[in-house]
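Worksheet for the structure shown next.
The values are calculated or read from the model by the stated rules, or taken from the named source; none is laboratory data. Everything quoted here is computed from the prediction, not taken from an experiment. All Cβ positions, glycine included, derive from the backbone under ideal geometry; neighbour counts span all protein chains shown. Heads up: the accessible areas ignore ligands, DNA and RNA and are worked out on the full protein's heavy atoms, side chains in. Shrake-Rupley method; radii C 1.70, N 1.55, O 1.52, S 1.80 Å.
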Amino acid sequence: MYDHQFVKNFRKVYGFQARKASKELGVHEVTIHKYLKKGNAPKPIKILLDIKARGYLPDTGGWKDCYIDSQTFELVTPWYTVSPGHLCFYPRYKWSADQNKRLYDNLKKETQSQQEFMQTLNEQLVKLVGDIARRTGTND
């Protein structure tokens, strides 16, 4: 049975370089051409090609649909692409997000307490103006 995924993985890893593939996989170059013509290879070679094509990432769990692009060395996921630089700075991004959340929460608390103070002050001012209006006889 013709295995399209095997051929796709082979082309992704080696392109049309059967000689390089034969050296790395430990088989004769003619054997590589037979594998490609039949679209099938022994299971260990299929597994190795799958591992290399995915950039040595696990093929289970959340990594199943991810791979590392061999041209740009970026981590490609179903949702986005991440460069090596972004991966290196991920802890810094996380720290920064945590710090900004903490600052936002503190500012929110301060704003809430200031709003409560302003409302209390406004109530006292209205009461004071009402008292002054009653004492002076103006009820506007």
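Miscellaneous remarks
- Cα-based helix-to-principal-axis angle, 4-14 vs the chain, degrees rounded to 10: 90
- The angle separating the long axis of helix 29-38 from the principal Cα axis of greatest extent in the chain is about 70 degrees.
- Bridgeable lysines around residue 101 (alpha carbons under 16 Å apart, same-chain partners fewer than 8 residues away excluded): 109.
- Accessible-area ranking of 47, 68, 32, largest first, probe 1.4 Å: 47, 68, 32
- Label-point separation in nm, residue 138 to residue 110, each point 7 Å along Cα→Cβ: 3.8
- The chain: relative contact order as a whole-number percent, Cα under 8 Å and 6+ apart: 13
- Think of the chain as a dipole: +1 on every Lys or Arg Cβ, -1 on every Asp or Glu Cβ, centred on the Cα centre; then among 113, 96, 79, 79 lies furthest on the positive end.
- Computed on the Cα trace of segment 1-127, the radius of gyration divided by the Kirkwood hydrodynamic radius gives Rg/Rh = 1.46.
- Expressed as a whole percent, the accessible surface of the chain that belongs to carbon and sulfur atoms is 59, based on a 1.4 Å probe.
- Largest GNM mean-square fluctuation among 111, 60, 81, using the chain with Cα springs under 10 Å: 111.
- Highest-MSF residue in the chain out of 114, 71, 124 [GNM, Cα springs under 10 Å]: 124
- Here, segment 67-140 yields an orientationally averaged convex hull projection of 8.9 nm² when only Cα atoms define the hull.
- Test item: Cα-centred dipole of the chain, Lys/Arg +1 and Asp/Glu -1 on Cβ, debye: 1020
- Rounded to the nearest 500, the 222 nm mean residue ellipticity of the chain from helices alone is -22500 deg cm²/dmol, with -39,500 (n - 2.57) taken per DSSP H run of at least 4 residues.
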